[in-house]
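The values are calculated or read from the model by the stated rules, or taken from the named source; none is laboratory data. The structure displayed is predicted, hence computed values, not measured ones. Every residue, glycine among them, receives a Cβ derived from its backbone with ideal geometry; neighbour counts consider all protein chains shown.
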Amino acid sequence: MRDAFIESSGLRLFALAATTAALGLAGCEGCEGGGTQVVQPNIVVEPTEIVFDKVPAAEEASQLVTIRNDGTKELLIDGDPELQENSEDAETEFVLRGVMEPVDCSSGAARADDDPYSLEPGECATVTVGYVPINIGVDTGALIIRSNDPDTPELTVPINAEGSAPDIEVCVLASDCSAETVCNDMDTLSMHFPVTAINASTTCPVRITNTGALPLKRLAWDFKSGNRRRDYLLDPEDLGSLGDLGEGEGVEVNVTFQPKSGGLQEALLEIVSSDPDEGAVTIHLEGMGDGPKVCPDPFPQVDFGTVAVGATEPREVTLENCGTLPLDITKLEVQDNSGGPSNVFAMGAGAPGTPISLNPGETATVPVEFTPTTPGLFNGRLYLESTDPVVPSGWVNLVGQGEIPPSCQIQTSTTTLHFGTAAPGYPVEKTLVVSNPGQLDCTGVTAEITAGANVAFNVVGLPAGGPPWTLTPGQIVTFTLQYDPQDTTGPDQGTFTIGAAELSMPVEVALLGDPVANPSCNLDITPRPGNFTLSACAFGAGLNPRVAQFGATKIGREKTLTVSLENQGSIPCNVTQVEMVEAIPLMGIDPTFTLATGQNRVSVNGSLTNTINPGEIGVIEVRYKPTSEAENCGRVIVQTDDTTHLDGTECAFNGGMPGCAGVTMIGQGVRSAIEVIPTEVDFGVVTVGCASRDTDVTIYNIGQAPLNVTDIYLDPPGKGQPPSGPFSITAAPPLPTTIAGGSSMTIKLKYRPPDTNTHSALLVIESDAQNGNYFTTPLTGQGTNDSHQVDQFQQLSEPMVDVLWVVDDSCSMSEEQNNIANNANTFLNRALNLMTDFQLGVVTTDMTDPNKSGRLQSRNGRPKIITRSTPNPAAAFADNVRQGTFGDATEKGLDATHAALSDPLINDPAANAGFLRDDAKLVVIAVSDEEDSSTPPVDFFVDFLKNIKGYRNSDLMSFSAIVGPEPSGCSSADGDAVAGTRYLEVARRTGGLERSICSNNWGQIADDLGLDAFGAKSQFFLSREPIPSSIVVRVNGSTVPSSDYSYDAPSQSVIFDPTAVPPQGATVEVEYDTVCN
């Protein structure tokens, strides 16, 4: 009817006039006074004035307007009413919510299937007007309704509204701390406490008043992070205990200065509230403790910067008596970090002797010097003792970095080149990589065998361009050396010497070889015999077995270790059998161990084969996945043709013959509060002779009891052995060390390959954990002689995305769950329009109910994993996200995320199995009106989430937070929300979105989340560290201008500009030269 009216209202009016003319007038018997009744519509609106009184700024209020036809003929309304705004604000503050709805005039109930724009006599329709004040003050406007009522064709309903807000006034009252009352309408607030004896106290008042027109809520005060709260007390400690402040209400509170030491003590006190303009008011506190105090400058450390090895860098430390009484410094000396003498830091010339007497305000200057002896970081301290009664002793940290000054440097891939065994006439060749990691050219480079040539060490392959050569900074060259013994007397030794014009001493590489009468295969197998802990698993494995220790492994989690077979002989070695067998007689093969590389073959540089050529390393990968809290035993036997070095005794129990080696696998399934992240480290491909970036392995104690770490080492070489091999620990805390509950410890690792083989080792961490006293992290890396790299990526035609919603199901979350559900279509439209292969799952923040606690939830018969093929996926998602409001009030959304995406739930068919796909992007979206109460630190959850897809694929994971914004949360018509600080930090560190749960535009939030989750990939992580200036990017074969992308060094990735993101199905190539560290 509305459209008919719009299109033909002229015809209707014409017809009405014609009818009236023909009939004259219509008689109406019974009319009062014998008059006539006019047949026409009559529009009536209630209320006649729309009033919004004191609506909080940025929040929404709404009013229902009823339109009634009091006439005798059909009322035709010309479309939705129009809003007219008289305010000069740039943004619209009056809005129509939804469309007109037909209702019953008496009950207000909806009338189904009726047209709200066509009202018969006595019928009603409603429309909702909303008001969202942008600013504080009066706003006016009108609701305009056009219809066919001839008396009132355009009805105007005035709107009068007022935006309001609380207004906090904080006043430092006149007292010992302030000569007069000062309030926060000044630039700054300060409290200057008088000189106060140590441990005595002075108290001064502060008044907080609400001068606004709405209640002042969420009052709180605390000292800003990093400030000296120990010298100040607050009364009451919790401002929230005083309740909200109504209009014009105020409260007087106290700040007490109680100095713990002499001298100036400062702090920043912050008062927060729901005032939208001044959410935080800061008061600067300062007071003087009555006593002596030593104040070093600089403090807490003196940084000498980077100094060339052998050079001396001076600095000065000023010692001031910043207290109120005389001070004597009785001892002053330079120490190392343990309190012993330092060999790199020292007192400078003219240092004052002790005792040093200082009156208040007086200073003494102490010269100190740093002379590094080697490259690297050095730490020490300037230690002092004084008559300060509170801190009688202390120190200033000294730190400096030693470096070799810019120079030519010659570095070799190894300092000892071992050729293994060789027979006369059967030479063995090895490559040696030589590089210049310095900052200047190395010129006149020479290379020759200076010892051992008479026993047949020879150079058989030289790099182009020499001799002599010039090696520019970062350049890598390769020499091929040969060992061909002249006889069978040995061992043979030689020296390969590299010189350069800029070097005072040449670089020497030791050459070693073992001559044998006949050429043979010679396998060096790792793990080597003897490195085992006595246990039931060792039964039947031989007197001196080889043991691979998987260590404590969480139930359901998979860990991979390698058995390495290096051919140190002069002819190929053949592997005829690789098989899992029973480790304990009559117990059968333990199914928790499997061969990842398959039976009867090994992996050589990524290819499966049965042949290991001289100098190559064959790898057998064994996977362990415990299913219970028990020790598991597995055994691998390897049959080879190396019958000279393997006599078969290792395989006696398994019926092995000469050439057979056996490796026993030991693992312990645990339910542990200890997490080691990442669980495995793959350094990727690194140029021979160069080093990888440092990689962090972090041990998290997410339980309550402290964990004592007693030893950290690499295997091989093994416990108690000097460092060797391609992997190294570059940083670790002093041992033993204790990790408190909720804390962590980080170890840094580096990989420097000596050759082009695949290398592996274990990082072993020993502790006093009751359910597994050591943890292991497998390390792998691949060497290459190629310093040029081309990485290729495929932008999927149908992107794969797994989206986990973590929804607060506590008692205050009904409206927010409805907001998500009501915008499910908007969220999923992005996925459907982009043809995304998506999966949606929902968990709650309740970690007390065993039926929740990270388990995917479903409602109304919906599947717990919703996909594109699910019937009406938006409706299914809307049902699943309405989780109710009976969940635990201690919300643990981050714990729920961890539980949902880790073992055992993620591999449990009855729980979350199938949700997490290897090739899919993972998006986690947390929605809560409370702070996260999980025990582990935020670092743990960030590491855990990034490790799911691997740190080099962090664009495949993001965490978004719809929570209360910082610093003090928010309020809306749906309720209040505290700041979700922990959720927001995870979002920032994983590249996710941050949105306010108090937003009145959930449609926009849903659209933003959909674009972030389902949009094309814009960040591509490189497999190796590039020289940034060498990067060339191509999309579908065409070179991309450098202005369309950027290189991000911390994440080692290329990031496309939003306007240049490669389309779906595109091939992306990134070509570059690699850095040699």
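Summary table below
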read-out: Residues of the stretch 451-494 classified as assigned to a strand (DSSP E or B), over 27 Å from Thr784 (Cβ atoms) and at pLDDT 90 or above, total; value: 2
read-out: Flag if Pro909 is assigned by TED's automatic domain parsing to the domain that holds Asn823, within 26 Å of Ile677 (Cα to Cα) and surrounded by fewer than 21 Cβ atoms within 10 Å (Cβ to Cβ); value: yes
read-out: Test result for Ala899, more than 23 Å from the chain's Cα centre (by Cα) and surrounded by 16 or more Cβ atoms within 10 Å (Cβ to Cβ); value: no
read-out: Residue in the stretch 1008-1067 that is surrounded by the most Cβ atoms within 10 Å (Cβ to Cβ), counting only those that are without any contact (Cβ under 8 Å) to a residue 40 or more places away in the chain, in contact with an Asp or Glu (Cβ under 6 Å, 6 or more places away or on another chain) and hydrophobic (A, V, I, L, M, F, W, C); value: Ile1055
read-out: Looking only at the stretch 274-316, and only at residues there that are in a strand (DSSP E or B), over 39 Å from the mean Cα position of the chain (by Cα) and aliphatic (A, V, I, L, M), the one that is surrounded by the most Cβ atoms within 10 Å (Cβ to Cβ); value: Val294
read-out: Selection from the stretch 518-548 of residues that are within 41 Å of the chain's Cα centre (by Cα), modelled with pLDDT of 85 or more and assigned to a loop (DSSP other than H, G, I, E, B); value: Pro527
read-out: Options Asp176, Asp149: the member that is acidic (Asp, Glu) and either under 30 Å from Leu269 (Cα atoms) or in the same structural domain as Glu249 (by TED's automatic domain parsing) (or both); value: Asp176
read-out: Residue that is in the same structural domain as Ser106 (by TED's automatic domain parsing), at pLDDT 50 or above and surrounded by fewer than 17 Cβ atoms within 10 Å (Cβ to Cβ), where the choices are Glu49, Glu59; value: Glu49
read-out: Hits in the stretch 210-258 - residues which are assigned to a loop (DSSP other than H, G, I, E, B) and more than 40 Å from the chain's Cα centre (by Cα); value: Thr211, Gly212, Ala213, Gly246, Glu247, Gly248, Glu249, Gln258
read-out: Wholly enclosed helices (runs of 4 or more DSSP H) of the stretch 809-896 bearing at least 3 residues at pLDDT 90 or above; value: 873-881
read-out: Residue check for Glu162: among the charged types (D, E, K, R), more than 24 Å from Glu82 (Cβ to Cβ) and under 45 Å from the mean Cα position of the chain (by Cα); value: no
read-out: Tally, over the stretch 146-169, of residues that are charged (D, E, K, R) and assigned to a strand (DSSP E or B); value: 4
read-out: Residue count, the stretch 762-809 (criterion: under 30 Å from Asp849 (Cβ atoms) and crowded, with 19+ Cβ neighbours inside 10 Å); value: 11
read-out: Selected residue (criterion: surrounded by the fewest Cβ atoms within 10 Å (Cβ to Cβ)) from residues of the stretch 183-218 that are under 14 Å from Val281 (Cβ atoms) and modelled with pLDDT under 85; value: Asp187
read-out: From the options Ile168, Ile144, Ile159, residue that is of a type in the set (A, V, I, L, M, F, W, C) and in contact with a Gly (Cβ under 7 Å, 6 or more places away or on another chain); value: Ile159
read-out: Subset tally (residues that are in contact with a strand residue (DSSP E or B) (Cβ under 7 Å, 6 or more places away or on another chain) and within 17 Å of Leu763 (Cβ to Cβ)) for the stretch 702-722; value: 10
read-out: Residue check for Arg917: surrounded by fewer than 23 Cβ atoms within 10 Å (Cβ to Cβ), of a type in the set (Lys, Arg) and more than 26 Å from the chain's Cα centre (by Cα); value: no
read-out: Matching residues in the stretch 116-145 - criterion: being closer than 11 Å to Leu75 by Cα and not in a strand (DSSP E or B); value: Pro116, Tyr117, Glu120, Pro121, Gly122, Glu123
read-out: Within the stretch 980-1077, strands (runs of 3 or more DSSP E) holding 2 or more residues that are among the β-branched types (Val, Ile, Thr) and at pLDDT 80 or above; value: 1032-1035, 1053-1056, 1067-1073
read-out: Pro723 out of contact with any Ser or Thr (no Cβ under 6 Å at 6 or more places or on another chain) and part of a loop (DSSP other than H, G, I, E, B); value: yes
read-out: Among (1) within 26 Å of Gly781 (Cβ to Cβ); (2) assigned to a strand (DSSP E or B), the one test that Gln668 misses; value: (1)
read-out: Every pair of residues 6+ apart whose Cβ atoms lie under 8 Å, when the first sits in the stretch 109-134 and is free of Cβ contacts under 8 Å to residues at least 24 places away in the same chain and surrounded by fewer than 19 Cβ atoms within 10 Å (Cβ to Cβ) while the second is part of a strand (DSSP E or B) and of a type outside the set (Asp, Glu); value: Ala109/Val103; Ala110/Pro102; Ala110/Val103; Arg111/Pro102; Arg111/Val103; Asp114/Pro102
read-out: The stretch 776-808: number of residues that are assigned to a strand (DSSP E or B) and of a type in the set (Asp, Glu); value: 2
read-out: Residue check, Leu233 more than 26 Å from Leu319 (Cα to Cα) and buried (at least 20 other Cβ atoms within 10 Å of the Cβ); value: no
read-out: Conditions (1) charged (D, E, K, R); (2) over 30 Å from Val55 (Cα atoms); (3) not assigned by TED's automatic domain parsing to the domain that holds Leu269: number failed by Glu154; value: (2)
read-out: Long-range neighbours under 9 Å by Cβ, at least six apart or interchain, first residue without any contact (Cβ under 8 Å) to a residue 40 or more places away in the chain within the stretch 285-300, second in a strand (DSSP E or B) and crowded, with 22+ Cβ neighbours inside 10 Å; value: Cys295/Gly263; Cys295/Leu319; Cys295/Asn321; Asp297/Leu319
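Each row is one residue, and each column tells you yes or no for (1) among the aromatic types (Phe, Trp, Tyr); (2) over 23 Å from His192 (Cα atoms); (3) outside the structural domain of Thr196 (by TED's automatic domain parsing).
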position	(1), (2), (3)
Leu285	no, no, no
Phe345	yes, yes, yes
Ser357	no, yes, yes
Thr373	no, yes, yes
Arg381	no, yes, yes
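For (1) touching a residue at least 40 places away in the same chain (Cβ under 8 Å); (2) among the small types (Gly, Ala, Ser); (3) in contact with a Lys or Arg (Cβ under 6 Å, 6 or more places away or on another chain); (4) under 22 Å from Phe550 (Cα atoms), each residue gets a yes or a no:
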| site | (1), (2), (3), (4) |
| --- | --- |
| Asn574 | yes, no, no, no |
| Ala583 | yes, yes, yes, yes |
| Ile589 | yes, no, no, yes |
| Leu595 | yes, no, no, yes |
| Thr609 | no, no, no, no |
| Glu616 | yes, no, no, no |
| Val622 | yes, no, no, yes |
